[in-house]
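Read the figures in this text as sums done on the coordinates, not as results from a lab. In this text the structure is predicted, and so the values were computed from the model without any measurement. Cβ placement follows ideal geometry from the backbone for every residue including glycine, while neighbour counts extend to all protein chains displayed.
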Amino acid sequence: MSLTKVSLIVVSILSLINCGREELTPSEKIAHSDGLVAFWDFQNTDHNAWQSYFDEKVIDRSFPLYLRQIGDPTRYHHQNWPYKEEDAQLKVDISGPFKHAVRFNQGYVYGEVPRVEFDQTLLDLSGKKPFTMIAWAKFMGNRHMIAGIWDEGGWNKYSGKRQAALFAGLFNQKGVIGHISSTGAASFPQSDVDGAQYARLRAIDGKAFDNDQWVAVAMTFDPQNNQVLAYLNGQMTALKLPDPVTQDVMQFEGTPSSNPFEHKYPLYSPTAFQLKYNGYDFHNGPVKEHRIWVDLNNASVDYEFEGILDGTPLRIKFDILRKENSILSEELIFDISSQIQTSIPFEVPYTFGDVIITQMEKFENEQWQQIGTSVERQIMEGAPFTFGRALGLDLDTIDHGSVELYLDGVAVFNRVLSAKELQELSFVK
């Protein structure tokens, strides 16, 4: 066979392949994407729940998505959703890219993938695992959470089980927000500035978007480059934005970047997270932040700080209590002037409900004196993956969160998608 004929055959095969690709629907294009952990288009369903598409090369399971209402413990399939009042009616919009968008409305109608279904899988957005999250959305009213793992707890500095989630409308902005947390709770508990009770670590895209239009909103977390980025319709618009709480603690010179946003720490998980000390004078002292990384799985505690240590002897006391009794085999005290990592001497395994108590001390006037306040944090199970509603805060108040948010699809990847890939997968003008 001549080289010309071989070339013609190859071209013909490639043409057929390309034609096949062009015939894929938007939903099929997402479902066949490399690195897909989960994609819900609210059409793939069984008798229990909506099911996700996934890339069998990276994960071996689908994740069920149920309908919920705050105050009702039942998880519903869309075919047996019982609520008929206007705020809680199940409505579908066929004008989006996947032609079957579901209306989520505050706590009246929200979606949930139970934690037990994805705990410690690739959908558990924690640690230093790269990911991309995309949602195809249309807001009709007040904006809040779109999708992700975001249990806000209460107003206690150490409440909450936040990991990562897509938002819009926070921080007086009208753009896409990629929210992350390493503490699961307040980002800067040492600050008393208004707003310090919230999580503050976020990428905010610089381009606003209007209500009543379809948009593809996305966030990426790249632990290799220590970056979180927010995208609108596959475009990342750079933004610098001051934050009063962060500025209060870190006292930056100049305005920090919000998109891209630098984040060099692992994300919260129920068994590996950051604890920050508070109650000390960080405004006038050389250290702006004293913190530890607690890894219960590896039984370790690592000390970290922001600022300059001035040579004052410092030590950390750390304990885990169960019904007010320590579960450690010996008292854990380590001198952070010479040792920044230590092991947790468990006598019995930890369990959810145990309480961590820790404090920092300095050696002054020939004695050890506590710096600031003691930190108490309960070891808690992880939060579910929810759609249209953050949990925890205002748990008993149904009218909190995004108002009439239509979602036509939500996808999570185990890799950082490029801007070009995000543009190709946006499917909106």
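Computed values, structure above
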| read-out | value |
| --- | --- |
| Sparse-neighbour loop sites [chymotrypsin sites (Phe, Trp or Tyr not before Pro); segment 345-403; at most 11 other C-beta within 10 Å; DSSP] | Phe352 |
| Placed amide H near Thr45: partners under 5 Å, 5+ positions off or other chain | Gln51 |
| Under 17 Å from Lys207, Cα to Cα: lysines that are on another chain or at least 8 residues apart | Lys138, Lys174, Lys240, Lys429 |
| Peptides 302-311, 265-274 ordered by average Cβ neighbours within 10 Å, highest first | 265-274, 302-311 |
| Solvent-free Debye scattering, log10 I(q)/I(0), computed from the Cα coordinates of segment 272-378 at q = 0.10, 0.11 Å⁻¹ | -0.28, -0.34 |
| Residues with amide H under 5 Å from that of His32, placed H, sequence gap 5 or more | none |
| For segment 400-413, Karplus couplings with θ = phi - 60° (6.51, -1.76, 1.60), whole Hz, Gly/Pro x | 9, x, 5, 9, 6, 9, 8, 10, 9, x, 9, 9, 10, 10 |
| Loop-located GluC sites (Glu not before Pro) in segment 209-302 whose Cβ has at most 11 other Cβ within 10 Å (DSSP) | Glu253 |
| Low-density loop positions, trypsin sites (Lys or Arg not before Pro), segment 235-295 - DSSP coil, at most 12 other Cβ in 10 Å | Lys264 |
| Between 0 and 90°, nearest 10: helix 3-22 axis offset from the chain longest Cα axis | 70 |
| GNM flexibility winner over the chain from Asn278, Asn365, Asn44 (Cα, springs under 10 Å) | Asn365 |
| Ratio of the Cα radius of gyration of the chain to 2.2 N^0.38 Å, where N counts its residues | 1.08 |
| Cα gyration tensor shape of segment 206-314, rounded if a/c is under 1.5, else prolate or oblate by comparing a/b with b/c | oblate |
